[in-house]
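> Before anything else, here's the structure in question.
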Amino acid sequence: MYELVRETFRYRELIWALAMKELKIRYKRSVLGFLWALLNPMLLMLVLSIVFSTIMKINIPHYAIFLLSVLLPWTFFSQSLSYAVESIVGNADLIKKVRVAKLVFPVAAVISNMINLLLSIIPLALIVVLMRHPFHWTWIYLPVPLLALTIFTLGATFFFAAANVYYRDVAHILQIVLQAWFYITPIIYSLDFFPEKYRWIFKLNPIQFVLNGFRLSVYYGMLPTLQSIAASFICAFAALYIGFSIFRRHQNDFVFYV
Amino acid sequence: MESVTPPIRLEGVTQRYRVISERPDTLRELFSKFFRHKTTFHDFDALKNVSLTVPKGEMVGIIGRNGSGKSTLLKIIAGVYRPTAGRVQVTGSIAPLIELGAGFHHELTGRENILLNGLLLGYSKREMLDRQQAIIDFADIGDFIDAPVKQYSSGMYTRLAFAVATEVDPDILVVDEILAVGDLPFQEKCFDKLKRFRAAGKTILLVTHSMDQVLKFCDRAIFIEKGQVLFDGDPEQAVHFYRDRVLPSEPVLVEMSSH
């Protein structure tokens, strides 16, 4: 774990350059460029508001905020994974020619998506203002779930990036897993939709603690319980420990399989 | 000798590849293999028990047929591979020029790739920005420096790659037969640079198929076959050895090779 921190610091300039490269390529040849990072949540909100409040008649007030407060962090998580799963295989050219710490690739994938997430907080705030939703003081709590989510995401990306080196199916399986995971996580719905006696099933979901922190502070103006915060960090560090251990054990062999 | 540790020292290095006839690339293949209880692979030693010491300031040519283990040797020295067995000791900074474009990203411009490549080689952003102009001048590819490298010709690619690898001023330079791609003036410029490098006490490893280059520039040559060093020493003798082994029946007229 110490090694991860040390190496990340040591290669910070390289990681940053790789993250910037990814963003640049993502928005390349689009007229609006970086503006898309801001525009995306706005347009998404428009679509969702129409679908859920007009057509499906969900009676959650300010549903767009209810949803986006969790959907944006979830998107960060799922996008980071989708990018990172290919990060070792996709950089085969580099890995085969230059001696380079392999961890820079998944870390860069997470950072580039983190920049996207941070940018998308601006339109979220804008939507809160536009919908006249109260601007809760609990927004200042956001760095805490952000930190936990980043740690959790890093762990997952290390695992999937390493696994995909050996079996390219992993990238495909991941997409299905993310789809299923999206629906079993209280993102488009609230946990209260379910009878009390089934809720424990959802509590097994390691990402829901941290996502709940986002919703509580942005939408409800509340703070999660201490147990919930502890649970989110325990899940995060467990994921990082498992993911990075596996990655580390195999990183020197990647070059033979990419 | 001012320094006791040679820049490059290999002891009993073996690199084993597992060549699986049909490597299970997907889970389906893995499962079907698993149920049939047979895997068809054989181990292949790309390098067998290679020991090698290169002192400071030497320019060493590495020759041998395709698949003899030359590139594997370079990759081990460059730290890209960790060998199956043996010890590798490399002292000082190393710039590898392995295959075309030592890790350029196609969508980025030449200028952006200079920075990225330098960071990959372990230099700081500051150092790279200081050297950027010298690299651009040496590569001499005009306005293409601000075009994505996917639009480059292979010659331009090589020019830029060579410029980055040499202008960062490494202690050890590893060059894998990429120079054959450049045009003659540029090749001359490169060898000029290599000579100045050696004069400055730097160590150079050069994989090449041009016996001319070995005779003209190298202090020493190593002939590799089937993963073993069969000859290590005087370039002239090495070239002789090469011709005897690789071109046994043909008369000696294949000298112009890459030119």
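> Quick check: is even one residue across the range A:88-98 surrounded by 22 or more Cβ atoms within 10 Å (Cβ to Cβ) and either more than 11 Å from chain B (Cβ to nearest Cβ) or over 23 Å from B:K150 (Cα atoms) (or both)?
yes
> Output the residues belonging to the range B:148-195 that are more than 23 Å from B:K70 (Cα to Cα), of a type in the set (F, W, Y) and assigned by TED's automatic domain parsing to the domain that holds B:L119.
Scanning the range B:148-195 gives a single hit, B:Y152.
> Next question, about the same structure. Among the listed residues A:S112, A:S82, which satisfies the condition of being crowded, with 17+ Cβ neighbours inside 10 Å, in a helix (DSSP H, G or I) and in contact with a Phe, Trp or Tyr (Cβ under 8 Å, 6 or more places away or on another chain)?
Working: A:S82 fails: in contact with a Phe, Trp or Tyr (Cβ under 8 Å, 6 or more places away or on another chain).
None of the other options fit; the residue is A:S112.
> Moving to a separate point now. Taking the range A:233-252, which residues are without any contact (Cβ under 8 Å) to a residue 60 or more places away in the chain and within 14 Å of chain B (Cβ to nearest Cβ)?
A:R249, A:N252
> Criterion first (surrounded by fewer than 16 Cβ atoms within 10 Å (Cβ to Cβ), within 14 Å of chain B (Cβ to nearest Cβ) and either of a type outside the set (V, I, T) or closer than 21 Å to A:W139 by Cα (or both)) does A:R10 satisfy it?
On the way: surrounded by fewer than 16 Cβ atoms within 10 Å (Cβ to Cβ): yes; within 14 Å of chain B (Cβ to nearest Cβ): yes; either of a type outside the set (V, I, T) or closer than 21 Å to A:W139 by Cα (or both): yes.
Judged against the criteria, A:R10 is a match.
> Could you name every one of the helices (runs of 4 or more DSSP H) located completely within the range A:140-237 that has at least 1 residues being basic (K, R)?
Working: elements: A:143-166, A:169-184, A:199-203, A:208-215.
Counting at least 1 such residues, we get A:199-203, A:208-215.
> Given the conditions (1) within 14 Å of chain B (Cβ to nearest Cβ); (2) part of a helix (DSSP H, G or I), and given that A:F66 satisfies all but one, which numbered condition is not satisfied?
(1)
> Still on this model: For B:A95, state whether it is at the interface with chain A (Cβ under 8 Å from one of its Cβ atoms), within 13 Å of the chain's Cα centre (by Cα) and touching a residue at least 12 places away in the same chain (Cβ under 8 Å).
Values: at the interface with chain A (Cβ under 8 Å from one of its Cβ atoms): no; within 13 Å of the chain's Cα centre (by Cα): yes; touching a residue at least 12 places away in the same chain (Cβ under 8 Å): yes.
No, not satisfied.
> Could you tell me how many of the residues in the range B:98-139 are assigned to a loop (DSSP other than H, G, I, E, B) and either surrounded by 15 or more Cβ atoms within 10 Å (Cβ to Cβ) or modelled with pLDDT under 90 (or both)? Walk me through how you get there before you give the answer.
Here is the first cut: in the range B:98-139, the residues assigned to a loop (DSSP other than H, G, I, E, B) are B:98-108, B:121-124.
Among the residues that remain, those that are also either surrounded by 15 or more Cβ atoms within 10 Å (Cβ to Cβ) or modelled with pLDDT under 90 (or both) are: B:98-108, B:121-123.
Residues flagged as assigned to a loop (DSSP other than H, G, I, E, B) and either surrounded by 15 or more Cβ atoms within 10 Å (Cβ to Cβ) or modelled with pLDDT under 90 (or both) within the range B:98-139 amount to 14.
> So how many residues does the range B:145-191 have that are among the aromatic types (F, W, Y), more than 17 Å from the chain's Cα centre (by Cα) and modelled with pLDDT under 90? Give the steps one after another, and end with the answer.
As a first pass, look at the range B:145-191 and keep what is among the aromatic types (F, W, Y): B:152, B:157, B:162, B:186, B:191.
The next check asks that each one be more than 17 Å from the chain's Cα centre (by Cα); those that pass are B:152, B:186.
Still in the running and modelled with pLDDT under 90: B:186.
Residues that pass the stated criteria total 1.
> Do any residues in the range B:220-233 that are within 12 Å of B:A46 (Cβ to Cβ) have Cβ atoms under 8 Å from those of residues that are in a strand (DSSP E or B) and polar (S, T, N, Q), where the two are at least six apart or on different chains, and which pairs are they?
That search, which allows pairs on different chains as well, returns B:G227/B:Q15; B:Q228/B:N49.
> Taking the range A:13-56 as the search range and keeping residues that are outside any helix (DSSP H, G or I) and closer than 16 Å to A:L117 by Cα, which one is nearest to the other protein chains (Cβ to nearest Cβ)? First the steps, then the outcome.
Filtering the range A:13-56 for residues outside any helix (DSSP H, G or I) gives A:27-34, A:56.
Applying the additional criterion that residues be closer than 16 Å to A:L117 by Cα yields A:27, A:33-34.
On the way: A:Y27: 11, A:G33: 14, A:F34: 16 Å.
Per the criteria, the residue is A:Y27.
The values are calculated or read from the model by the stated rules, or taken from the named source; none is laboratory data. Treat the numbers as computed from the prediction; the structure is a model and nothing was measured. In this analysis, Cβ positions are derived from the backbone assuming ideal geometry, glycine residues included, and neighbour counts consider all displayed protein chains.
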